[in-house]
Structure formats: C-alpha cells, structure tokens
Amino acid sequence: MMRRQQLTFPTLVLLVLINNSLGYEIDLSTANGYAWSAALPNKSIAVPGRVPGSIYTDLDEAEIFTGGPLLFRFNDLEYRWVSYEDWDYSLTFDVPANVASYSAVDLVFYGVDTVADIELNGSPLGATNNMFIRYKYNIKDFLKTDVSNELLIRFKSPVKYARDRYDEQAVDYPVLPTCLDPAYQGECHANHIRKMQSSFSWDWGPAFPTVGLWHPVKLEAYNTVSIRDWWVGFERDEIQQLWKVDMKIHCETPDSGIDHAGTFTVTITDQQQVVQTLKQETVLTGDGNRQVSTPVISFVVPFSQIKPWMPNGWGEQKLYDMKIEYQETGSAEPPVVLDEKIGFRTVDLIEDDLPTGRTYYFRVNGEPVFLKGSNWIPSAVLPELITEQYLRELLTASKDAHMNAMRIWGGGIYEFSEFYRIADELGILIWHDMMYACSMYPANEQFLETVSVEIRQQVRRLSHHPSVLIWAGNNENEAALRQNWYGTESKFETYKADYIKLYVDTIKRILNEEDPSRPFTVSSPSNGKKSEEEGYVSLNPGNPEYGDVHYYNYFDDMWNWETYPKPRMATEYGFQALPSVHAWTTAANPIGMDEDWHYDGQLLFTRQHHPGGNNELVLQVEGQLGKARETTQEQRFLDMIYLTQMHQAEAIKIESEHYRRLQYLDFDGLGHCMGSLYWQLQDIWQGPSWASIEYGGRWKPLHHFATKFFAPLSFMLWVRDGNVAIYPHDYRSGADMVPGILLIKLQSWSQINPIVTERIPNVNGNSTIEWQKPLDSWLSDNGCSRQTCFLTATYQDPETGRHLAPDSYLYPSNFTAVTNLAKANVQVTSVGQVYESSQSSWTIDVELSTDKPAAFVWLDTTTDRKGRFSDNAFLMSTATKTVSFWSSDPITDSTEFSNELRIAHLAEIIR
C-alpha cells in the first residue's frame, strides 16, 4: 500500500527576514512567489523547485516517484538514483532599477548543498563545495534592471564527487574508511565532502545524499556598513560585584580598503527599562572579502542590575533585549539596527588534579553543574523538512524530562538559528561538536581552506548564545585513530599529522581567535588536558580517569550497574529498541499483507543498520525479560516492539542512575562523575535506533523513564556488595527541599499488598540514610527470594501523602528467573471528563486498577492521537493508579477516548 507523503515546509527558513542592516533586500524564496525550476541537465526530468529545499522533496512533490513516500518501505534504496545524477536549479527574476545605485549589490546563498557552479546571466559567479558556508557574490556588474535575470546553479552528484576526491587522495594514501559497513545500506566517502555526514547513511538512519538550496538565497544591497554577527564574553568579578563584558561586532562593508567612520550604540533593556547603554566610535575598513570586525567593546554591569542566565533546574533563564545600532558619520542613510537577546553567563571547564586522574566538569556562573541530557542528531534526513515547531517540541520534551544539556553530534548539521534561540529560552546547555564524525579527514590545502571558512562563519553565527557550553572538534575521531578502527595503524604518523593539522592547527586555532569565552576539546570522547599532553591523540582515549567517555555494550548484563564504567563524564551511551506500531505503520505495508511485520522479515533487516543489531536485541530481551509469545509472526513482531522498548528503558535507567550516584562516590579513584548524556534523543526515520523520541515526536518508554531518572530529586534503590541500600541524590545539594517521609516496601509478585513497609522520617535530598540490609537474608527472613519479590521506595509529604520525588524500585532478579509473575488484571476503571490543565487544553484523567503487581504497564491509543500520558511504562505496585493524558489534538468525547485505550504489561507478553 502506498501513501503520498504530505510535505510540510518549515516556516523557520521561508519567512521574509527584515534585516535593518541593509538598504534593500529581496528574499528569493519560493514562499515569496519566486518560481524556481529543478531539472536534469538534459531536461528529461524537469519539475518546479522549492527554495529552501532539495531535489528529493521537489521530485516527491511533483510525483516523479512512483513507489510512495520517501521513507516508505525500501524507498531509500529505490530512490537512490537521484543522488547519482547532476541537477540544475534555475530562476528568472526581476529587480527594480534603483538597486543598481547601491554601492554593494550581493547575491548571498545562505546554504548550498553542496557542490555547485553558479552563473548569473551566463557569467560565472563562483563554485561551492561546503554545505555549511554562506557564499556571497558581488553581482553589481552582472545584474540587469531593464530585463529579467537568469540565475543557474549546476549541482554535481555528491556521491560521485566524494568518490572522485577519495580516488584523487588515494593516489598518495587513502583517507579512511574505505567505505561503510554494508549493513548501513549507504554510500561511501562522506568524509571527502563537506556535507551532512549522515546523509550518506548512519547506523540509525538512511542515505539520502540530496542536492539543493537548503537555506534562503537573497539579493542584498547597501551603501554603508552592515552588521552580520556578534560575539560576547563575560567575566564575573566577585570582589567588585561586577559583570565585565567584552563584545565584538562582525560587519560587512560595501567596499574594500576604504575607511568607514561611525558610531556603535549598544543598549540592553529589561521590559523596556534600560540596564546599560554605551557608545563606541570606530573606523572600519573592509578586507578583500569586504569583512571587518570591531575592536573589542568593553563595559561593566553591577551584579545588582542583572539576573544571570542559568541552565534548566539551576535557576532562571533570564534573557535581556539588546539593540546594536550603527550610524555612519556624515551619512544620510538610516542607522543600521540589529535586535537580539543576551544572557549573562560564564562557563569554565574544571580539570583539577586528583590522586588518580583529573576532574572533568563545568561551572556555570561559578556553580558546578551536573549535565543530564541526551545527544542530538538531525531531526530529518532532509533538513528542509525540519520545522521550528518540531524543534520546539523536541527541546520542550527534553526540558520536560528535566534535561539541562544536549550534545549536538558531529555527523549532522550546525542547527538552524531557531534551535539555539529555543535552547536559550529553555535552559538547555549545548555541547557542540564540529561536523566531523567517525572518519579520518583530508588535510590538504583546499580542504583546510573550506574548513577555515566554515568554522569561522558558524562560530560567529552561534557564539553569542548563552546555551552553547563547549565546542568539540569531532566525534570519536581520536579514538578511531588510536584504536585502529579503519586500518590507520600502518600509516599512523601520517594520519596523526593530518588529525593535528585539521583539529588543532586549524579548528582549535580559529576557535581560540573567535570565541575565547568557551572551552574547546579536540574530540569526544577525549581525555581533556591529558590528550593534549600526549600530543592530542591520547594513548588511551576514553580513559575513565580523565575527560569524557562513550560506552556501548550489547552482550553483557545491561541491568547490572557493575557492567558500566566509572567515568568523570559520560557523553554517549545507549541501547537500541524497535519503533512503535504507530511509526512502523507509516513505513510498512499493512499487517498481514507480506513480511513487513515479521521480525525476521526483509524490511526490518534492511532498516537495521547496526551490524548484528536484531540478534543483539533478541539476546538482551530473552536474557532479561523472557521470550515473546509463540503465536504468529506478526504477533511476535508486535511483542518484540514492546519488549525491546522496555528493555531499552530499563537498561538506560540503570546506567543513568549509576552515573548519577557516581557524582559523590569514589571507587578507588574512579567516579566523581558530572554528566550523563545518553544516545540519542530523536529518530530520523522509522527504524531500530537508540532514540527516546521516535520519528514524528512520539515518546518511547525511555523518555518517560528519563523524566524520573533525571528528576531533580531521586531515591535510588541499589545493591552493592550483597547489601540493598537507598541512595538519595539531589542534583543541587538539597536546595529548597522540604523534609518528607521515605517508605521502603518489600512486595511479592503474587500479591498487591506489601509484605514489609519500613518508614524513614525527616528525609531530604541531602540526607545520609543509614538504611541498609543484607539482601538475601532479609528477603529470606520475610518469606521472599530474589526470584519472587521486589522493592519500592516512595518519598512523600508526611501530612498530605503527595509524592515529592519519583518512586524508585529494585528488581533483585531479571524476569527470566522470576517464578511467580502473575498475569495481573490491569483495567481502566474510569475515564474522566476533558478539562484544561497547565499541560494541555485537552486533559483527561484515567483511573486504573489491578489485582496483582504489574511490571512495565504501557498505555497507548489505537489511533494516531498526538499527546502523552503523565506516566507510562510504569511498575503498578498499588491497587489503583491515576494518570492523565495530555492531548495535542482536541478531545470532545471521553467515551470515544476510553474506547481507544489499550493496556499492555509484561506478564501478558512473555511466555
């Protein structure tokens, strides 16, 4: 069955932007009425083009593809031919006569994906080779005002271009890897083209190596200096109680080598009340590229006038309005104006010596912050499909899970500006990789030249955002080089020299020049200063005594915290799960039609890009939860969706809680962990992945779990050296916590009432709780064993009974060994009326009941209704429980909603 994909194009890049720093501007986007065309060079295929956009979406919208939507079944392979072709984009446009009177008339391409030659009215303007660069061409001598102008962009196949660059380089020595693992179903040599690396495929997503204009194209005309970007750095003077502020403004001039005298006025306001204003006279002279930056502008602001910007959970995300104005001396032109937001925030990376290794943590405004969050990949394989609304939904879901950090992974894109503005608003700190991942890279003159422009432009665009915490040169390339992932051992010194040329001599140098206000690490994972001391390629990258680690393990007991390392910071870790029924329905033929709904079917095999991934899922699921029911192939597939998602959630919970406890624990010099960022936040398509939010925005069980294991206050049950204990943890050291009572219950899987309840009064997140029991003997004394009972911990207000922290639980055994797991009768006992709450205009309460404990209770709807439950994938250890459904779509009939509800729990799924 084929479904026509409904393409929604993002308002974030299609709006006509009013730039007050220009005299005249035309945004040539399709949304503004400009009729672009896209075609093969021989015109055998010609369709309307969309800008911003790309060839895949243009062909899809024109219904050139006959096999259905881009992400349906095997279409990533069926439509791959598009990436092997060259494509032309063209536009006929007119401009008013007065445009020619401006001193500078530029055609600015804000994003060209990727390799292209550009012509205007038959005259070459230039060539592009980097998706992440803004290209500007002076067209004053080529532009026509009396007749129409003809703009032509000739794109080269990115796959063929990358292969050609690899072959050229390989004459001397190959820049590795030679190709991706066949399981990726992708294309080779993405490291030889400055393009979204994952567009050639990754182990969680498809290959769609597209071409097109992914950001706007604008005609910009002006007579005076214009403002392009700005940088700001802060220092806190605790003695004088002052913020010391340095600012630099990056400008463009209408000419080269000519002085422009003028005055900058910077005004910072809070709800129209002026906080600070200053004037700076300066003379600016554009270089050969007509670019110039102001000298550093310095000023101070008393602490008493400023509320600092703090990450989510650590304080307010205070942003001030800032206006930058430039008035050229003696010019009749109106002032150039740039309106922005500014947040006062310092950041320091602390690497102090310890008896073993060094610390590795961040201070924000002088306060140590434990990073808790996830990793960010591109939200769509074709960037033009990313909307501002979707970015906000994903980042809001992160905040809802108490995250304060997100790592932008180095195989994607430097995100849309809206992403960073939303992160500023929500208090999400950004660990920002440069876009280099899991490869060696060329270090020839041409490559380093384009990299230099890329890094300088992107850092200037993004560095004023308070959310950006740290820059990292690459993802895993130090480890790949040292550990010989791709066969670099035979020419190690050659590849190391290239590594240093790219990340140290080029990227690090530019970062130090452009943004001295933030730390920079050459790679992630890395040993921090230790890597630098060992020549930037550490002898043991990922050493838990230093820096950050990435950790993956698919074969050991992932529900045992002792499996995991004891690092200073964990910036990647994860486990896979299948997508939900809702997501798979959009990728597969209807159930029963063919093998699309078979676990061993070709569609799942093809979408599993992690080598051996499906077998690993079976190994873990059957080792921890049990085997799926022996019914039909289709039912096994549905059961495996449930089982893999629950296993993923529990495994990441256990690992995340382990890193959380390590903040204050020392295991023979290991520990002092100050961050846990699991892999990964979101999906790019409907396939097996590590994500907690699947393609389209639906929460998996893992994301529901994250709201608990990242909660500000937690009481974690754990077993160490044969003793069960409770570990309280408050990320902010007990700040503003009201003492409560802690109830620890021992319960049998065969009955709903607890066997033992122990009460610990006057507890808060800073408490040292002495409660500890020798697990096996305590269980035995109460008629239990690891195979028959479990524990829960509830922290509540002693007067009202209100829960003050998420409930904790401990399963002493994996479920394959449990002997009395009963098929509980979990039912919906009532569905309330629709009402408006702080979470949704359409909130509805659902009351559940059960006669026996039920593990991993999952609530779902049979429709594609958007929304989520206030709690899900939970342990139901009490006779009743009420949850709310927060709908994104109107609910008019509670009875209709009740009929949509479905409940699953573990005992119903396993044999």
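Bear in mind that the values in this text are calculations on the coordinates, not laboratory data. Quantities reported herein were computed from a predicted structural model and do not represent experimental measurements. Quick reminder, even Gly has a Cβ in these numbers, built from the backbone with ideal geometry, and neighbours come from all protein chains shown.
Structure values in brief
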{"item": "Environment charge of His598, counting only residues whose C-beta is closer than 12 Å and scoring Lys/Arg +1, Asp/Glu -1", "result": "-4"}
{"item": "Long-range HN-HN contacts of Arg228 with modeled amide H, under 5 Å", "result": "His250, Cys251, Glu252"}
{"item": "Cβ-based exposure ranking for Tyr695, Tyr79, in which fewest neighbours within 10 Å come first", "result": "Tyr79, Tyr695"}
{"item": "Percent RCO, i.e. relative contact order, over the range 827-909, from Cα pairs under 8 Å lying at least 6 residues apart", "result": "36"}
{"item": "Prolate/oblate/rounded call for the range 827-909, Cα gyration tensor, a/c under 1.5 rounded", "result": "prolate"}
{"item": "Quarter of the Cα convex hull surface for the range 11-219, i.e. its orientation-mean projected area (nm²)", "result": "13.4"}
{"item": "The chain: Cys lacking any partner C-beta under 4.7 angstrom", "result": "Cys251, Cys438, Cys673"}
{"item": "Proximal aspartates and glutamates to Lys866, defined as alpha-carbon separation beneath 14 angstrom and excluding residues fewer than eight positions away on the same chain", "result": "Glu393, Glu694, Asp889, Glu900"}
{"item": "With eigenvalues of the C-alpha gyration tensor scaled by 5 and rooted, the range 773-901, Å", "result": "33, 17, 12"}
{"item": "Sorted largest first, extent of the range 181-255 alpha carbons per principal axis (Å)", "result": "61, 44, 18"}
{"item": "Long-range amide H partners of Gly675 with built H, under 5 Å", "result": "Leu371, Ala570"}
{"item": "Karplus (6.51, -1.76, 1.60) ³J(HN,Hα), θ = phi - 60°, over the range 68-73, in Hz, Gly and Pro reported as x", "result": "x, x, 4, 9, 8, 6"}
{"item": "Taking the range 11-219 and dividing mean pair separation by its residue count, relative contact order in percent (alpha carbons under 8 Å, at least six apart)", "result": "26"}
{"item": "Local electrostatic count at Pro466 - Lys and Arg +1, Asp and Glu -1, tallied over other residues with Cβ under 10 Å", "result": "+2"}
{"item": "Estimated 222 nm signal from helices in the chain, with DSSP H stretches of n ≥ 4 weighted -39500 (n - 2.57), rounded to 500", "result": "-5500 deg cm²/dmol"}
{"item": "Cα gyration tensor shape for the range 751-842, rounded if a/c is under 1.5, else prolate or oblate", "result": "oblate"}
{"item": "Sorted by Cβ neighbour density within 10 Å, fewest at the top, the residues Thr396, Thr800", "result": "Thr800, Thr396"}
{"item": "HN-Hα J in Hz across the range 427-444 - Karplus 6.51, -1.76, 1.60, θ = phi - 60°, x for Gly and Pro", "result": "x, 9, 5, 10, 7, 10, 5, 6, 8, 9, 8, 6, 7, 7, 10, x, 9, 6"}
{"item": "The chain - percent relative contact order, Cα under 8 Å, separation 6 or more", "result": "9"}
{"item": "Lys, Arg +1 and Asp, Glu -1 on Cβ, resulting dipole of the range 350-709 about Cα centre, debye, nearest 20", "result": "580"}
{"item": "In sequence order, calculated HN-Hα J values of the range 784-795 (Karplus, 6.51, -1.76, 1.60; Hz; x Gly/Pro)", "result": "10, 8, 4, 8, 10, 9, 9, 10, 10, 10, 10, 10"}
{"item": "Size of charge dipole - the chain - debye, nearest 20, with Cβ of Lys, Arg +1 and Asp, Glu -1, no other charges", "result": "1120"}
{"item": "For the chain, share of DSSP beta bridges that run antiparallel, in % to the nearest 5", "result": "85"}
{"item": "Reciprocal mean inverse distance between Cα atoms of the range 350-709 - Kirkwood radius, Å", "result": "21.3"}
{"item": "Partners for Lys529 among lysines (Cα-Cα distance below 21 Å; same-chain residues under 8 apart left out)", "result": "Lys496, Lys501, Lys508, Lys566"}
{"item": "Across Lys708/Lys745; Lys218/Lys323; Lys323/Lys399, pairs whose alpha-carbon gap is larger than 22 Å", "result": "Lys218/Lys323; Lys323/Lys399"}
{"item": "Ascending count of other beta-carbon atoms within 10 Å, so fewest first, for Ile153, Ile752", "result": "Ile752, Ile153"}
